[in-house]
Every structure is written in structure tokens, then in C-alpha cells.
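Student: I have a structure I would like to understand better, so I am pasting it below and will then ask my questions one at a time.
Where a number appears in this text, it was derived from the coordinates with a stated rule and is not lab data. The model shown is predicted, which means the values in this text are computed figures rather than measured ones. Positions of Cβ are generated from backbone atoms using ideal geometry, with glycine treated the same way; all protein chains shown enter the neighbour counts.
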Amino acid sequence: MKESTDAAVAGIETGTDAYTKNKLRWWGVLCVLAFLVPSVWYWQKQLNTRRKVEFQSACRETVAAEDWSGLIETASRWSAWDTEAAEAWVYQAQGFQELGEPNRAVELLLHVPDHSEEAEAALLVAVSLYFEVLGQPRKAVPVLKRLLNVNQTSITAHQRLIFFYGITLQRVEMLAQIRKAIELGAEPPDAYVYQQLASRLTFSNGYPMTQQWLRNDPESELFLVATAVHLSVARDQAEDGDDEPLAEKEQRHGEVRGLLRQYPESLPVLRYLLHLAISRNDTDDVGQLLAEVPADAWDDSIFWRCRGWYHHQFDEFDEAEKAYRKSLELYPLDWETWHYLAATLRQVKDLDGAEQAQVLALQGKELRKSILQLSDARAVSPEIFTEMRDYCVACGDQLTAESLQTRIRLMIGY
């Protein structure tokens, strides 16, 4: 019994010795790894840094030599080695741009990672190429939205989007972008001009610009509609407009109406035709056009204003007032809506309310006249900004009023 016990104890001891030896061996391996891994990582980092510097130097040399093909080849090898290297994509884009291939340049700029320091500048260059060189601003819109994800306070990005929405008659989108920019304190000065004129926003260069974009994107409903509406509005407002033969005017208006058959949910066409019908006091046409407004388009205050006018013509004053107030809830700076509301309030004997609404209508109308005399949407004086601020306060748009007050203080230095 003792012998077997001794043997068992010996076996245990032998097993323990083996376990101890194995444990020591593994500790040794771990110690070696603990030394080697940081060393390998350090040397790999050094090699990567050295190779990056070599690529940078090679690219700078080819730029200095104006060897654009060589720049593209070198930068391509760099981006193949490191797809996160923002400089590599930028250098390739520069090479293609210098070789007169802006489409390829844009494609490469869009590879720049959003988290890199070069992202904002690269995206801005891509946007400029889409607008100024390629004449394809629709493709710039998602890039601008991406840019705002990188830097939500980019004034240039907000300005480009506001302008694009405005000139393509995307009124609701334009006003929403202006509001967002103001909330972020990133609004360009011309944003206030577009906001104030949004009841009937027109551009002196609207027709030639959208026509040029249409040539580059001939299947675009957006540009086709904007071009037609801009042209017709320009003819309606021309100083020699009275000299236009009636047959030509009717044909022009008929061509715009034809777009509604082609694009039955086109909001710019509906707005334009509603304005025409109201100017002719054509209640039948207004009623028919209002019936064609898509269900998801009633966030546009213009349609509520037209609806209010329609109800007023049939002495439905309560419904008219509700429609006007809904219009002002969506866009409180519309002097025309204040004017129509005043007329409706007189009918229901709310004379105080009518007087207040008419005062706002006149204030807004005079402000519009002052703005339209500006040589440029960005050439706004402190005096005009002050008029805007006062009008916003009177209309209840406190956010815009406070933003304008800040801008006025910065301009006059107190």
C-alpha cells in the first residue's frame, strides 16, 4: 500500500515538474513576444513613415516639373499602397485636372476620406468643378450634403445649396436650408435676401443659367421646368411686356401649362400657373390647379395663400382666414399673404386685425422694393439688414431677427 502511495506521489511530483517546466517555457515565449511585437510595430511604423515621405517628395517633384502624367502615376501607386492617404487622391485629382479631365478629377477627390484634414477642401474643389467647369450642379448636391456632415458650419456649402435650390425653384428646400444655416450661425449674407424675396423669388440670370445646365443634363425635369418658368416670368415682367402680342403671350403660357401635363406634380409650374390665374381673377382655373397640388406639397405656403384667395372669392371668409394663417405659419414674411389676410379680416369686421395685417403688408412690400434695388444679393447694407430685422420682429420670426441683429452689430462694430 505504501509503495503504491509513494508511486502515486512520485507521479504527481513528476507531473508537477512537467507543468512547471511548460509554464516557464510559455512565460519565456511571452516575454520574447512582448519584446518583439513592439519592436516590429515600431520598425513597421518607421518604414511606413519613410515610404510616405518618399511618396510626398516624389509628388512634389513631379508637380514642380509640371509632369502631370508622372504625378498621376506616382500618386496612384501611393493610394494603392494606402487607400486612406488623402494627399494621394488629391495629387491624382490635380494631375487629371491639369490634363483637362475634370470628370476624373472629381471622381478622385470624392475618394478623400471624410475624417482627413483635406476632406473639406477636397469636397469644395469637387463642388466648384461640378458648378463652374462641368456645369452639372445636380451632382454637386450630394457632395454639398456630405460636406455639411464633415463641417456643418461651412458657409460656402450652405450658400451653394441655398442658391441651387433657389434658382431651380425648389422653394421649400431653399427656405429650410436658410433656416438651418441661421440656426447654425453659418448663413451667408445673401441668404437673408432670398428669404425675404421667397414669396416670388426671381433671378435675372435664372433663364440663361438653367438653360446652360439643361444642355448638360437634357433629361432633367428640374432644369427643364426651371428654364421654362424663368423665361416666362422674365417676359411677364419685361418693361416692354405690354408690346408682346396677345397670341404670343397665350402661346407662351400654354407651353408652360403643357409642362403640367408632362409633369403633373411640378410645384414650380403649379405656383406659376396659380399666380397667373389669380392675376386674371380666374376662380375656375385656381380651383382646378389647387385640386392638382400633391398631398405632400402642402408644406409650401404659396399653395395655402392661393387657397385662401380661392375661399375669399366665394365669401368663405373663415376658411380663407385659416388658409392665410397656415400660410403665414409656414412663411411669416410673405407680405402678399398679410395683404390678403387684411382684406379677409375686414370682411369679418375684425378691423384692428385687418389694420395690423395691412401695416405688415406695406412694410414687407416696401422692404421688397428696397432689396430689389440692390446691385447684388450680397451687397446688403446695415440699413437694409435693419429693415429686415424690424420686419422679422413684426412678423414674429424671432430666430431670423436675432441673427440679423448679430450681423448688424458685426457690420457697424459694436
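Student: Run the simple label-point estimate for Glu329 and Asp243 please: 7 Å along Cα→C-beta, distance reported in nm.
Tutor: So the two model labels end up 4.8 nm from each other.
Student: So which of Lys139/Lys180; Lys180/Lys326; Lys145/Lys180; Lys326/Lys365 end up more than 23 Å apart, counting from Cα to Cα?
Tutor: The answer is none of them.
Student: Got a sec? Charge dipole of the stretch 63-151, +1 on Cβ for Lys and Arg, -1 for Asp and Glu; which of Ala140, Val106, Ala88 is way out at the positive end?
Tutor: Projecting each Cα onto the dipole axis, the largest value belongs to Ala140.
Student: With a 10 Å radius around each residue's Cβ, average the other Cβ atoms per peptide and rank 149-155, 326-332, highest first.
Tutor: In decreasing order of mean packing, 149-155, 326-332 become 326-332, 149-155.
Student: Mind checking which helices in the chain clear 15 Å along their axis (Cα) and have mean Kyte-Doolittle hydropathy of 0.5 or more, DSSP H runs only?
Tutor: Those that pass (Cα extent of 15 Å or more, hydropathy at least 0.5) are 155-167, 221-237, 267-279.
Student: Still on this structure, I have one more. Can you find, among Ala122, Ala234, Ala291, the residue sitting farthest towards the positive end of the charge dipole of the chain, where Lys and Arg contribute +1 and Asp and Glu -1 at Cβ?
Tutor: Value computed over the given set: Ala122.
Student: Label the stretch 63-151 by shape, choosing from rounded, prolate and oblate, from the square roots a ≥ b ≥ c of the eigenvalues of the Cα gyration tensor; if a/c is under 1.5 it is rounded, and otherwise prolate applies when a/b is larger than b/c, oblate when it is not.
Tutor: oblate
Student: For the stretch 334-356 and the stretch 266-283, write down the distance between their C-alpha centroids in whole Å.
Tutor: Using only Cα atoms to place each centre, the spacing works out to 22 Å.
Student: Just want the ordering: Lys52, Lys349, from fewest to most Cβ atoms lying within 10 Å of their own Cβ.
Tutor: Result, fewest neighbours first: Lys349, Lys52.
Student: Of (1) 125; (2) 313; (3) 152, which one was derived for volume of the Cα convex hull per residue in Å³ from the structure shown?
Tutor: Given (1) 125; (2) 313; (3) 152, the structure-derived one carries the label (2).
Student: Relative to a virtual label point 7 Å from the Cα of Lys365 in the Cα→beta-carbon direction, which members of the stretch 175-219 show backbone nitrogen distances below 16 Å?
Tutor: In the stretch 175-219, the label zone of Lys365 (backbone N under 16 Å from the point 7 Å along Cα→Cβ) covers 199-200.
Student: Right, something else. Which length gain, in nm to one decimal place, applies between Arg77 and Glu98 when the Cα-Cα distance is subtracted from 0.36 nm times their residue separation?
Tutor: That pair, Arg77 and Glu98, stretches by 5.7 nm at full extension.
Student: Okay, next question. What size of dipole, in debye to the nearest 20, comes out for the chain about its Cα centre when the only charges are +1 on Lys and Arg C-beta atoms and -1 on Asp and Glu C-beta atoms?
Tutor: Working: 42 positive and 62 negative charges, 265 e Å.
The calculation lands at about 1280 debye.
Student: Taking Lys369 as the anchor, which aspartates and glutamates have their alpha carbon closer than 12 Å to its alpha carbon, excluding any fewer than eight residues away along the same chain?
Tutor: Correct list for Lys369: Glu387.
Student: Okay, moving on. Any chance you could run the full-extension gain for Thr406 through Asn216? It's 0.36 nm times the residue separation minus the Cα-Cα distance, nm to one decimal.
Tutor: Going from the current span to full extension adds 64.3 nm.
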